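Worksheet: one structure, shown below.
The values are calculated or read from the model by the stated rules, or taken from the named source; none is laboratory data. On a predicted model such as this, the values are computed, not experimentally measured, just so you know. FYI the Cβ positions are ideal-geometry reconstructions off the backbone, even for glycines, and counts take in every protein chain you see.
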Amino acid sequence: MSSELIDEFIAAVPMPALMVDQTERIIAANTDSKTLLGPNIQGRHFATILRQPQVIDTIENSLRSKGHTKTRHLSNDGAQDTTFEVECRYMNGIGAVSGGAVLVVFQDVTHLEQASQMRRDFVANVSHELRTPLTALMGFIETLRGPARDDAAARERFLKIMTDEAYRMNRLVGDLLSLNRVESEERVRPTEQVDINGLLQSILNALRPLSDDASVELSLTAPEGPVMVTGDSDQLRQVFTNLVENGIKYGGSGGSVEIKLIPSERNIAIRGPAVRVQVIDKGPGIDAVHLPRLTERFYRADNHRSRQLGGTGLGLAIVKHIVNRHRGRLRVESDLGKGSVFTVILPR
Ligand SMILES: Nc1ncnc2c1ncn2[C@@H]1O[C@H](COP(=O)(O)OP(=O)(O)OP(=O)(O)O)[C@@H](O)[C@H]1O
Ligand SMILES: [Mg+2]
């Protein structure tokens, strides 16, 4: 093959690729590989360009055995790590010295690595979340069979705690299933017509006992009559229930949770008619360092308090996915010591 043909061929490979012949020099390199390894790599000895020992070994192997080999190459552009799978394929009859050359192709597998890391983290998180209540349950069962066997008062107290822990596990499994369902239908647009005003009224009524217990004043400010959006009413109920519940649980010390329903003809974020629903509390607020991660699964701003209140840390993750499915937006603003505002914007 002429060197022009080799250059043409390498340039057409849609990922970083280069060719090393039996003189161990890089005889061709495409633009992507120059972006990855530097502009002046052509003509150089491959080991001075690809410094990672396992990559050098792999190319040498392929040159010697005239066969196929592969390995991994890690690169860092200063901002983030990128993992490449490096495939070496031997081609006969190419190169300065007769014999052949190795085609070296770099495939970016970073997203695969990230996905499997996320899966591992998720399994670790779920196991940890389940193990905590399970450990408590096992401990109390032991106590009830042993030392507390004939102590009626202790038995009552322990059974109460055991019930709470069992409910926590049940809620966790329920939330996980709910998250799974929401994620799997995130691309299916909802079709129901939902009156947001009526929905918010009904949610407030349902949460009234919770707010009364916490001595929190719940209020709704909304225009007269129905405010219609295209949505999934069960899912929207889940969204606002969690936001109002969070307001009561974590912001209740401020004494009030206010819900505002504001329809608008044109919203900038949505680029069209929308409704904004704000859930406003005057509680302790959330430190700015937590805000970007608040909607991650199992993320809690105040770990201890959230667990104590029986939270699974999945609520806002579910909220985010449901809002995404509705092509809406979720905004969180918070001032430490002053309270938080959670805003859901839905297209109308
Ligand atoms: N209004 C609020 N004021 C202060 N902190 C809040 C507020 N809302 C949420 N948070 C913080 O964000 C965290 C995540 O909330 P999220 O709803 O995802 O989980 P949760 O309430 O702990 O669990 P779940 O909703 O499943 O019961 C909470 O644990 C809490 O620390
Ligand atoms: Mg919650």
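Quick look at the values:
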read-out	value
Subset of the stretch 325-348 [part of a strand (DSSP E or B), under 20 Å from residue 236 (Cβ atoms) and out of contact with any Gly (no Cβ under 9 Å at 6 or more places or on another chain)]	329, 330, 331, 332, 341, 343
Top-ranked residue in the stretch 297-317 [being in a loop (DSSP other than H, G, I, E, B) and within 10 Å of ligand 2 (Cβ to nearest atom); ranked as nearest to the chain's Cα centre (by Cα)]	314
Residues located in the stretch 242-255, provided they are over 10 Å from residue 319 (Cα atoms) and either within 10 Å of ligand 1 (Cβ to nearest atom) or of a type in the set (A, V, I, L, M) (or both)	244, 245, 246, 247, 248, 249, 250, 251, 252, 253, 254
Hits in the stretch 236-256 - residues which are away from ligand 2 (no atom under 13 Å from the Cβ), under 25 Å from residue 171 (Cα atoms) and either basic (Lys, Arg) or part of a strand (DSSP E or B) (or both)	237
Single residue of 286, 268, 262 found to be among the β-branched types (Val, Ile, Thr), within 28 Å of residue 222 (Cβ to Cβ) and within 16 Å of ligand 2 (Cβ to nearest atom)	286
Failed item in (1) at pLDDT below 90; (2) crowded, with 18+ Cβ neighbours inside 10 Å, with residue 257 passing the rest	(1)
Scan of the stretch 1-40 for residues that are assigned to a loop (DSSP other than H, G, I, E, B), at pLDDT below 95 and more than 17 Å from residue 86 (Cβ to Cβ), ordered by number	1, 2, 22, 23, 39, 40
Within the stretch 44-157, strands (runs of 3 or more DSSP E) holding 2 or more residues that are within 30 Å of residue 307 (Cβ to Cβ)	none
Among the candidates 78, 43, 95, 99, residue that is within 36 Å of the chain's Cα centre (by Cα) and on the phi > 0 side of the Ramachandran plot	78
Count of the stretch 279-306 residues which are of a type in the set (D, E, K, R) and in contact (Cβ under 8 Å) with a residue 24 or more places away in the chain	6
